[in-house]
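The values are calculated or read from the model by the stated rules, or taken from the named source; none is laboratory data. Quick caveat, the model's predicted, so the values are computed rather than measured. As a convention, Cβ positions derive from the backbone with ideal geometry for all residues, glycine included, and neighbour counts pool all protein chains shown. SASA here: full protein model, heavy atoms, side chains in, ligands and nucleic acids out. Shrake-Rupley method; radii C 1.70, N 1.55, O 1.52, S 1.80 Å.
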Amino acid sequence: QVRLVESGGGLVQAGGSLRLSCAASGTIFSINAMGWYRQAPGKQRELVAAITSGSSANYADSVKGRFTISRDNVKNTVYLQMNSLKPEDTAVYYCNADVVVRRGYPRFLFWGQGTLVTVSE
């Protein structure tokens, strides 16, 4: 089984920064894309940023220029550096990973449990 554990959420004032981490552990042969999603109260979950195994990244328009996604393939960890935070960034942030658990097995998408980010005025 594969487990994703997020950390780094919390309360920050508008204009501040946070760095989220998400570490994958368990039976892992390879990880393809990894990503961050968020879900604000009363809204649907939305993509924030994603990164391929080759570190090609894409971002939601709302976070371009403020957030940076990166990954450490040795540690099976993905990061989200969030700068110039705004109150509208307040949400539960979830990471996911597209994992092959053993050679020849199909890919499967795993999710973390989420970490709350609250940005105050």
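Taking the conditions exactly as written (at pLDDT 95 or above and in contact with a Ser or Thr (Cβ under 7 Å, 6 or more places away or on another chain)), does Val101 satisfy them or not?
Yes: the conditions hold for Val101.
Please count how many residues of the stretch 2-17 are open to solvent by 30 Å² or more (accessible area, probe 1.4 Å), among the hydrophobic types (A, V, I, L, M, F, W, C) and farther than 10 Å from Val119 by Cα.
Of the residues in the stretch 2-17, 1 are open to solvent by 30 Å² or more (accessible area, probe 1.4 Å), among the hydrophobic types (A, V, I, L, M, F, W, C) and farther than 10 Å from Val119 by Cα.
Working only within the stretch 101-117, note down all residues that are surrounded by fewer than 16 Cβ atoms within 10 Å (Cβ to Cβ), touching a residue at least 24 places away in the same chain (Cβ under 8 Å) and either of a type in the set (Val, Ile, Thr) or part of a loop (DSSP other than H, G, I, E, B) (or both).
Scanning the stretch 101-117 gives Arg102, Arg103, Tyr105, Gln113.
In the stretch 18-30, how many are crowded, with 21+ Cβ neighbours inside 10 Å and either closer than 13 Å to Phe110 by Cα or charged (D, E, K, R) (or both)?
Qualifying residue count, the stretch 18-30: 2.
Could you check the stretch 54-77 and list, in sequence order, the residues that are open to solvent by 40 Å² or more (accessible area, probe 1.4 Å), at pLDDT 95 or above, over 15 Å from Glu6 (Cβ atoms) and not in a strand (DSSP E or B)?
Ser56, Asp61, Ser62, Lys64, Gly65, Asn73, Val74 - these are the residues of the stretch 54-77 that are open to solvent by 40 Å² or more (accessible area, probe 1.4 Å), at pLDDT 95 or above, over 15 Å from Glu6 (Cβ atoms) and not in a strand (DSSP E or B).
Please enumerate the residues belonging to the stretch 29-59 that are small (Gly, Ala, Ser), in contact (Cβ under 8 Å) with a residue 12 or more places away in the chain and over 16 Å from Gly112 (Cβ atoms).
Listed by number, the residues that qualify are Ser30, Ala40, Ser53, Ser55, Ala57.
Just checking, does the stretch 78-88 include any residue being open to solvent by 20 Å² or more (accessible area, probe 1.4 Å), out of contact with any Ser or Thr (no Cβ under 7 Å at 6 or more places or on another chain) and in a strand (DSSP E or B)?
No, there is no match, as no residue in the stretch 78-88 is open to solvent by 20 Å² or more (accessible area, probe 1.4 Å), out of contact with any Ser or Thr (no Cβ under 7 Å at 6 or more places or on another chain) and in a strand (DSSP E or B).
Could you check the stretch 66-86 and list, in sequence order, the residues that are within 16 Å of Gly112 (Cα to Cα) and in contact (Cβ under 8 Å) with a residue 60 or more places away in the chain?
Within the stretch 66-86, Tyr79, Leu80 qualify.
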